[in-house]
Amino acid sequence: MARNLSMKDAINEALDQEMARDPTVIVMGEDIVGGSGSPGEDDAWGGVLGVTKGLYAKHGDRLIDTPLSESAYIGAAIGASTCGLRPVAELMFLDFMGVCFDQIFNQAAKFRYMFGGKAETPVTIRAMVGAGFRAAAQHSQMLTPIVTHIPGLKVVCPSNAYDAKGLLIQSIRDNDPVIFCEHKNLYAHESDVPEESYTVPFGEANIVREGADATIVAYGLMVHRASEAAEALAKEGIQCEIVDLRTLSPIDIDSVVESVENTGRLICVDEANPRCSIAADVTATLSQEAFGSLKAAPQLVTAPHTPVPFSPALEDLYIPSAEHIVDAVRKTMAP
Amino acid sequence: MSEDSITAVLMPKWGLSMREGVLVDWLVDEGAEIGVGDEIMEVETDKIASAVEAADAGILRRRVAAAGETYPVRALLGVLAPEAVSDDEIDAYIAAYELPADAGDDEDAASQYEFVDTAAGRLRYARRGDDGPALVLVHGFGGDLDNWLFNIDVLAQQARVFALDLPGHGQSSKQLGDPSLAGLAGELQAFLDALEIDRAHLVGHSMGAAVAARLACDAPGRVQSLALISAAGLGPEINADYIDGFVDAESRRELKPVLLNLFADSELVSRGMVDDLLKYKRIDGVHEALQQLAASLFADGRQQNLLAAQIAELSIPTLVIWGTEDRVIPPAHAQNAAVARIEQIDGAGHMVQMEQASRVNALILEHVLG
């Protein structure tokens, strides 16, 4: 039965159900138990924002609080995955990947390729992404383009609780390394989520809203900003179609092409910095694949090419807003 | 003239989860004389789009709602009244209209789905109506109780209506004990037992019609009458591409063309309908359940259970309803049901109970109430 669940609870439920289903699933990371050694739930915070709360009581030592050393435990998770376990490692903030990036991009991402398809690396690395949490420059970045750039990694960034549960279950069951990006400002966002286990496949975008005038491509929190923009534009008679990419690698370019063939206008929204962003990538691909359908120059709506500001006023300006998206759509509509 | 002669045209409530709908367009002009059953407007929800038929007769004096706008369930969309009613009276009626407080309420919706534990596992069902004979609605292959969303409330005005999700379907448990037709019929009987329904009028659609007919053959004492809609079990042919396509489709792109087979009017297959079915198909256990059912009931692209002769031997009143444009099971199979009353409905496809809801509702009520 479906109930209204927050994205945080949906992620927790996915981990719980997969741990119950498959004894090879383990969860590790900094403070994911948060009070290891204490049997009760009182001390077990379940991660900095409580996403893994309650799992220790149910699954015990299959949740491992690790030392504060990303290179050690991300490496351990990747190694364990090549030896028969399905670890889910929490990298807390994706911003911390620098210290363990060799393990991710030069080891995990390469095993299947370098061992002639004989090695599998079924590891999932969960990490928080995104700005708007007043967490300053080192805990607020949208680094999805960096991991998307690496062949051999799969990259997921859900926009809602339903997708988060199904995509996380798919990530855990997948035999390749998956970077699972959780926007911290979406943890409280609620949607209908079935109680049962289910999967959402990789490489299938979700058409959040249909419209004939312009295609807005987004992922993560930006899907909601795009929806606000589309709502405002609908009042003026401009109907936007919103494509939620859901997974950045593999990416469902076909759905974007199909949509742009109908609308003739493309607006790519990305919370990442603009250079080499997902928005830039999608725009470039569409310019090649659907050039003949375009009625106007594609528009990119991204964060500026600066670190994320700590000043709340500046941080709010930094993140692409519904107004920015409305302006970009209007540019494509101008005669 | 009093306000009594004024009738409201309201946003309908289709299915238990519907909270609002878009008035896509009016199909009649102000001043038009409307008869019961006339299509008066197009409404679209996140699940389905359909024409709305007038529940009352009268002159459409006012279109209150604008095309393209979204309105909550039971919002006032238009006003019917005789010519003798003045414009002032209509203005006053519109000004005084208040949206019912519980319209489309979430809690309300949740509480109207119930679950019952049977030998066949946990089954979800909806129960509507307090009086009259017991009427049980059984959906088809890959369907669920929402396939009856245009029927259940109308039928419930004159009957106690139960609509269930068969095992492997909707929100019932996904494990199939026995994927044979007799197994499904046994599970339907377990449902009747659990709800203490001694005898019921069974209304089945497609595979659900075969399940209902099988139960009538196995336990005739439990079945007061049969209404078989676009029925499986009456002939060997079935659209194997539809069955295989439905079982195997993994994406929106693959599923949508398959679903077009279900309706005469392809516009009815909305994005919401495709997305909802994909969400169902992606639940653990569903793919296996559908595969098992298809292998058992429709092996080699042929129907494996032919019940026409057995039904003819039962002394149970039987009604057969078929859309003439059914592309899943041939409408000609209706002729195999020898002793039944047969009703063909022009211009409707396999989901005739959705496409021609008021006609089907009237036929069922006439059949059940005699």
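The values are calculated or read from the model by the stated rules, or taken from the named source; none is laboratory data. Keep in mind that what you see is a predicted model, and the values were worked out from it rather than measured. With ideal geometry, Cβ positions are generated from the backbone for all residues, glycine too; neighbour counts draw on all protein chains shown. Note: accessible area is taken over every heavy atom of the protein model, side chains too, but ligands, DNA and RNA are not part of it. Shrake-Rupley method; radii C 1.70, N 1.55, O 1.52, S 1.80 Å.
Couple of notes before you dig in:
- For segment B:112-369, a simple Cβ point-charge model (Lys and Arg +1, Asp and Glu -1, everything else neutral) yields a dipole of about 100 debye relative to the Cα centre.
- Scaled radius of gyration (Cα, divided by 2.2 N^0.38 Å) that chain B gives: 1.01
- Within chain A, antiparallel bridges make up roughly 25 percent of the DSSP beta bridges whose residues both belong there.
- Radius, Kirkwood style, for segment A:206-333 when every pair of distinct Cα atoms is counted (Å): 14.4 Å
- Percent carbon-and-sulfur accessible area, segment A:206-333, ignoring ligands, DNA and RNA, probe 1.4 Å: 53 percent
- Per the Kirkwood formula applied to alpha carbons, segment B:180-330 shows a radius of gyration over Rh ratio, Rg over Rh, of 0.98.
- Taking N as the residue count of segment B:102-237, its C-alpha radius of gyration divided by 2.2 N^0.38 Å amounts to 0.99.
- Kirkwood radius and radius of gyration were both taken over the C-alpha atoms of segment B:3-96, and their ratio Rg/Rh is 0.96.
- Solution diffusion estimate, µm²/s, Stokes-Einstein, the protein assembly as shown, Kirkwood Rh from C-alpha pairs, 4 °C, viscosity 1.567 mPa s: 46 µm²/s
- Averaging 1/r across all pairs of distinct Cα atoms in segment B:315-362 and inverting the result yields a Kirkwood radius of 11.0 Å.
- Simple spin-label estimate for A:Glu210 and B:Leu99 in nanometres, 7 Å along Cα-Cβ: 2.4 nm
- Counting Cβ atoms of other protein chains within 10 Å of each residue's Cβ and taking the mean over peptide B:155-165 gives 0.
- The label point for A:Phe115 and the one for B:Ala92, both projected 7 Å from the Cα toward the Cβ, are 8.4 nm apart.
- Dipole axis of segment B:97-207 (+1 Lys, Arg; -1 Asp, Glu on Cβ), positive-most option in B:Leu176, B:Val154, B:Phe191: B:Leu176
- Using alpha-carbon coordinates, inclination of helix B:271-281 to the longest axis of chain B, degrees: 30 degrees
- When the convex hull of its Cα atoms is projected in every direction, mean area for segment A:2-194 (nm²): 10.3 nm²
- Eligible lysines near B:Lys47 by straight Cα distance, threshold 24 Å, same-chain separation 8 or greater: A:Lys165, A:Lys235, B:Lys13, B:Lys174, B:Lys256, B:Lys279, B:Lys281
- Calculated [θ] (222 nm, deg cm²/dmol) that DSSP helices of n ≥ 4 give over chain B, each run adding -39,500 (n - 2.57): -8500 deg cm²/dmol
- Counting only Cα atoms, the size of segment A:10-124 along its three principal axes is 47, 31, 24 Å, in decreasing order.
- Over all other residues within a Cβ to Cβ distance under 15 Å of B:Ile321, the charged ones net out to -4, with Lys and Arg as +1 and Asp and Glu as -1.
- DSSP-defined antiparallel bridges as percent of all bridges, segment A:140-298, nearest 5: 30 percent
- Modelled spin-label separation between B:Gln157 and B:Ser358, with each label point placed 7 Å from Cα along the Cα-to-Cβ direction: 1.0 nm.
- In this calculation the C-beta distance from B:Asp300 to A:Arg3 is compared with R0 = 41 Å, giving a FRET efficiency of 0.50.
- Around the amide H of B:Arg122, modelled in the peptide plane, lie the amide H atoms of B:Ser173, all under 5 Å away and 5 or more residues distant in sequence or on another chain.
- Estimated FRET transfer efficiency when R0 is 22 angstrom, pair B:Ser251-A:Val257 (beta carbons, to 0.05): 0.90
- Kirkwood Rh in Å, taken over all unlike Cα pairs in segment B:114-156: 11.7 Å
- Lysines whose Cα lies under 24 Å from that of A:Lys110, excluding same-chain neighbours fewer than 8 positions away: A:Lys118, A:Lys154
- Only protein heavy atoms count here, probed at 1.4 Å, and on that basis chains A and B bury about 1500 Å² of accessible area in total.
- Peptide-level mean, for B:280-289, of C-beta atoms on other protein chains within 10 Å: 3
- Cα lying deepest toward the dipole's positive end in segment A:2-194, options A:Ile125, A:Ala109, A:Gly54, charges on Cβ: A:Ala109
- The aspartates and glutamates within cross-link reach of A:Lys8, meaning a Cα-to-Cα straight distance under 17 Å and a gap of 8 or more places when in the same chain, are A:Asp16, A:Glu18, A:Asp31, A:Glu90, A:Asp163, A:Glu182, A:Glu190, A:Asp192, A:Glu195, A:Glu196.
- The residues packed around B:Val43, meaning those with a beta-carbon under 14 Å from its beta-carbon, carry a net charge of -4 if Lys and Arg are +1 and Asp and Glu are -1.
- Cα long-axis angle, helix A:7-21 against chain A (0 to 90 degrees, to the nearest 10): 40 degrees
- On Cα atoms only, tilt of A:70-82 relative to the major axis of chain A in degrees: 80 degrees
- Column: log10 I(q)/I(0), Debye, Cα scatterers of chain A, q = 0.07, 0.10, 0.14 Å⁻¹: -0.28, -0.57, -1.09
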